[in-house]
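The values are calculated or read from the model by the stated rules, or taken from the named source; none is laboratory data. None of the values given here were measured: they were computed from a predicted structure. Reconstructed Cβ throughout: ideal geometry from the backbone, glycine too, with neighbour counts over all protein chains shown.
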Amino acid sequence: MRLFSNTILLDPEEHKNLKWQCLKGNCPQSCCLIPDRTFVVLEEVLSLSRHFPVVINIEVDEGGKEQRLLCAYFRLREDNKGCIYLKDGVGCLLEGEKPYTCRQYPFFIKGGYLALDLTCPGFSEVEGEALWEGQLVNSRFERDFYIYSLRLEEGKAQTEDFLDLLFDLGLVVGGRVSYEGVEVSFNMVDEKRLFELPENALKELSKRGYIRIIYAHLNSLQNWERLIKRYISG
């Protein structure tokens, strides 16, 4: 089952009786088990770099359009145990430092409107917390979920500009980590090329706050070893 395979816009009439609850350990298709990565925006990189490898991906969307993304990896694709910070009987160990995509799920912004991913089995008209408080969206859902959807939407343009600049400056190269016979390939910033940039280009990167982001990304690469160790031990 793919996440976001059954999405629908939130409708006050159609969904007036709809409720939601996280099923946690009883969930038949935990959202923490399915993905191996998620896209992130710039303002997340500094915090997420402490926990995950944050790398540069080039992916193709359903319309065949190439996308440049910053992605945090939760696990190796071959590792079927889910996110490295998912603990049986406890849930997520990161809580307040989870990626925005994790915090928003199963709610998100679609075309500027609030939407739901009905592949999540936590939706029901029988059990859970009501999505509506009269004519208004439940304030807890707005505070705990929708705010992160908005942050993702608002951060996309700046993140795209950041990545486009890295590619325009020729800083993105293929990287590789090998540990105990397991090898992972990814795209990263080449620090040597960064040092060789003209002074005006370096000043522009620094002015925009991008140097800090670049080094957070580079420091995050050590987290690949943690993911590989977990995969080997499994």
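A quick yes/no check of all residues on (1) touching a residue at least 12 places away in the same chain (Cβ under 8 Å); (2) part of a strand (DSSP E or B); (3) within 17 Å of Leu76 (Cβ to Cβ); (4) not hydroxyl-bearing (Ser, Thr, Tyr):
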site	(1), (2), (3), (4)
Gln158	yes, no, no, yes
Leu163	yes, no, no, yes
Leu166	yes, no, no, yes
Gly174	yes, yes, no, yes
Ser178	no, yes, yes, no
Ser185	no, yes, yes, no
Lys192	no, no, no, yes
*Give me the pairs: first residue in segment 22-35 and under 15 Å from Gly128 (Cα atoms), second residue of a type in the set (Gly, Ala, Ser), beta-carbon distance under 8 Å, and six or more apart or on different chains, which are they?*
Cys22/Gly122; Leu23/Gly122; Lys24/Gly91; Cys27/Gly122
*How about segment 17-34: which of its residues are at pLDDT below 90 and either among the polar types (S, T, N, Q) or surrounded by fewer than 18 Cβ atoms within 10 Å (Cβ to Cβ) (or both)?*
Cys22, Leu23, Lys24, Gly25, Asn26, Cys27, Pro28, Gln29, Ser30, Leu33, Ile34
*May I ask you to list pairs of residues, at least six apart or on different chains, whose Cβ atoms are under 8 Å apart, with the first in segment 4-15 being at positive phi and the second being surrounded by 12 or more Cβ atoms within 10 Å (Cβ to Cβ) and of a type outside the set (A, V, I, L, M, F, W, C)?*
Phe4/Asp117; Phe4/Thr119
*Six or more apart or on different chains, Cβ under 9 Å: which pairs go from a residue in segment 196-207 that's over 14 Å from Phe162 (Cα atoms) to one that's surrounded by 14 or more Cβ atoms within 10 Å (Cβ to Cβ)? Could you list them?*
Leu197/Leu169; Leu197/Leu171; Leu197/Leu205
_Which listed residue, of Thr119, Thr38, is hydroxyl-bearing (Ser, Thr, Tyr) and touching a helix residue (DSSP H, G or I) at 6+ places or on another chain (Cβ under 8 Å)_ = Thr38
*Out of Leu165, Leu205, Leu150, report the one residue that is of a type in the set (A, V, I, L, M, F, W, C), surrounded by 12 or more Cβ atoms within 10 Å (Cβ to Cβ) and within 30 Å of Leu86 (Cα to Cα).*
Leu150
*Limited to segment 211-234, what total is found for residues that are of a type outside the set (A, V, I, L, M), surrounded by 17 or more Cβ atoms within 10 Å (Cβ to Cβ) and under 14 Å from Phe162 (Cβ atoms)?*
1
*Just checking, how many residues over segment 113-146 are part of a loop (DSSP other than H, G, I, E, B) and either free of Cβ contacts under 8 Å to residues at least 24 places away in the same chain or of a type in the set (A, V, I, L, M, F, W, C) (or both)?*
6
_Scan of segment 71-110 for residues that are within 20 Å of Asn138 (Cβ to Cβ) and of a type in the set (Phe, Trp, Tyr), ordered by number_ = Tyr100, Tyr105, Phe107, Phe108
*asked:* Exactly one condition in (1) at pLDDT below 90; (2) acidic (Asp, Glu); (3) over 19 Å from the mean Cα position of the chain (by Cα); (4) closer than 25 Å to Phe186 by Cβ is false for Asp88; which is it?
replied: (4)
